[in-house]
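Encoded as structure tokens, the structure appears first; notes follow it.
What follows is calculated from the coordinates using simple rules that are stated; it is not laboratory data. It should be emphasised that the depicted structure is a prediction, and the values quoted were computed from it without experimental measurement. Cβ placement follows ideal geometry from the backbone for every residue including glycine, while neighbour counts extend to all protein chains displayed.
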Amino acid sequence: MRVVLDTSVLVAALITPGTPPDRIYQAWRKRRFERVTSEWQLGEFRRVSRYPRLRPYLMPAEAGAMVNGLRREGIVLKTLATISRSSDPDDDPILATAVGGEADYLVTGDKRGLLVLGNIGRTRIVAARAFVEDVLGATGK
């Protein structure tokens, strides 16, 4: 099973232990699924992880370790197709990552731009809690 985790889910996994995003991240680390990302998303994660409002919660070393792990142990797409499907054009690259990586799931917390779509191609777009409950099972481990 291939899964794309939206950048907000990755950030939440680092700053809120025990929550659905963290449980998903831990399941990936235990190789419960293949993680698909892209050079675009890795750049976005680096940028977002440096936001001043996140500094009190997110250690640069943790963010760097996550990027290194994603690059080393995930499927990293170098180029993305152009997709214009979201009401927010900033969300289109994550949709392109899901399509290009032939992902089964895109996990996100974006209710307005992504979750409302329901799917893109073969990829189901779901919230983190739904992914934990429906895919990983009650324990999420």
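Couple of notes before you dig in:
- Note, ³J(HN,Hα) from phi for the range 43-56, Karplus 6.51, -1.76, 1.60, rounded to Hz, x at Gly and Pro: x, 4, 4, 4, 5, 5, 5, 9, 4, x, 5, 8, 3, x
- In order through the range 58-68: 3J(HN,Hα) via Karplus (6.51 cos²θ - 1.76 cosθ + 1.60), integer Hz, x for Gly, Pro: 10, 7, x, 5, 5, 4, x, 5, 5, 4, 4
- Looking at the range 2-136 alone, DSSP beta bridges between its own residues are antiparallel in about 15 percent of cases.
- Annotation: the residues ARG2, ARG35, ARG55, sorted from fewest to most other C-beta atoms within 10 Å of their own C-beta, follow the order ARG55, ARG2, ARG35.
- Where the Cα pairs of the range 2-136 fall when distances are cut into 5 Å bins, in %: 2, 11, 22, 26, 22, 13, 4, 0
- Fully extended contour minus Cα-Cα distance, from THR16 to VAL116, at 0.36 nm per residue: 33.5 nm
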